[in-house]
Amino acid sequence: MLVITGGGGFIGSVLAAALNEAGRSDLVLVDHFGTDGKWRNIAKREFSDILPIKGLFPWLEQHGGEVEAIFHLGANSSTTANDADAIIAGNLNDTIALWRWCTGAGTRFIYASSAATYGDGSAGFDDAGGLEALRRLHPLNLYGWSKHAFDRWALREAAAGRAPPFWTGLKFFNVFGPNEHHKGAMMSLVVKNYPRIAAGEPIQLFKSHRPNIADGEQRRDFVYVKDCVRVMLWLWREARAEISGLYNLGTGEARSFLDFMNAAGAACGRAPTIEFIDIPPAIRPSYQYFTEARMARLRQAGYSAPFMSLEESVRDCVVEHLSHSDPYL
């Protein structure tokens, strides 16, 4: 069996879909579904069990010997979260507990880290260099720190020989795609703005508050969720101990927010009308103007598949999903 924490969420549900397509229905989906329609992400999925978050460890006590791998994607991913106790409990301590369980059980462990660990990017976006390189990073928010704290903890444990037989932490950059509708304000701009672009209504982007960067020219490494899932499936199948470690997961090419929205407009058959608004003062100090994954480490590990271009991936998202009455994968 394969366990996916966050299995009803954005990346987790797309991973579950890909595993179903690969012939795997022995999935254990672990998540909190609430009342916001998140269940629709898994409405088309085949699975063995659905568990609440607090039910995972009791379930593992009974069925752990049947588990082939754990994909740990569940977390509070809000960049504005400020309850440190809750973030430490959910994002850090739960991940430590799963790592220790996988170490003892000899089970493969693939978990979600984040590009938020890189902070403002002044120390670069290189996933090589080990623990010493991580110490130079300064995340800008509580969420980023929680992921960074676990990455450092994991490298220390691995160096001491206390690690699962195969493990990877994936530093996801700006992931977008289908099955984001439950995320509210945290949805990617293409999913959030698609209805307005399709209707010919104006959309809003943040102004630049730096004189050397034009409005809308802030640049991010936008990566399609389907590409991210292809990488995870490759790592799960490859599972060589010598390629365990931390990996960036982006495309390796930063593109502007204007590019992102113009690609959505092209997929809709109309140019978007864009209004620029000030970045709210509360998030202005932690706003990232540039992110771009260094992808050499994943390539050196043996992953050779190409990543979809921004235009290709936005078109797939719009034409194959967002434009349908049922947009869920």
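Rule-based calculations on the coordinates, nothing more; no lab input. What you are looking at is a predicted structure, and each value in this text was computed from that prediction instead of being measured. Positions of Cβ are backbone-derived with ideal geometry, glycine not excepted, and every protein chain shown enters the neighbour counts.
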Next on the checklist: If the requirement is being of a type outside the set (Asp, Glu), over 26 Å from Ser313 (Cα atoms) and buried (at least 16 other Cβ atoms within 10 Å of the Cβ), which of these qualifies: Leu140, Leu205, Leu170, Leu131?
Outcome noted: Leu140
Checklist outcome for this item: Among residues of the range 93-107 being closer than 13 Å to Gly169 by Cβ and not aromatic (Phe, Trp, Tyr), the residue surrounded by the fewest Cβ atoms within 10 Å (Cβ to Cβ) is Ile96
Checklist entry - Quick one: would you say Ala81 is of a type in the set (A, V, I, L, M), touching a Leu at 6+ places or on another chain (Cβ under 7 Å) and either touching a residue at least 12 places away in the same chain (Cβ under 8 Å) or surrounded by 21 or more Cβ atoms within 10 Å (Cβ to Cβ) (or both)? => result yes
Checklist entry - Got at least one residue in the range 92-100 being within 24 Å of Gly252 (Cβ to Cβ), touching a residue at least 60 places away in the same chain (Cβ under 8 Å) and within 21 Å of the chain's Cα centre (by Cα)? => result no
Checklist entry - Which condition number does Phe33 fail, the rest of (1) in a loop (DSSP other than H, G, I, E, B); (2) in contact (Cβ under 8 Å) with a residue 60 or more places away in the chain being met? => result (2)
Checklist entry - Looking only at the range 229-258, which residues are aromatic (Phe, Trp, Tyr) and under 14 Å from the mean Cα position of the chain (by Cα)? => result Tyr247
Checklist entry - Can you pull out the strands (runs of 3 or more DSSP E) entirely within the range 102-209 that have at least 1 residues that are over 25 Å from Tyr328 (Cβ atoms) and small (Gly, Ala, Ser)? => result 108-114, 167-172
Next on the checklist: Just checking, does the range 165-179 include any residue being closer than 17 Å to Gly269 by Cα and either out of contact with any Gly (no Cβ under 8 Å at 6 or more places or on another chain) or of a type in the set (S, T, N, Q) (or both)?
Outcome noted: no
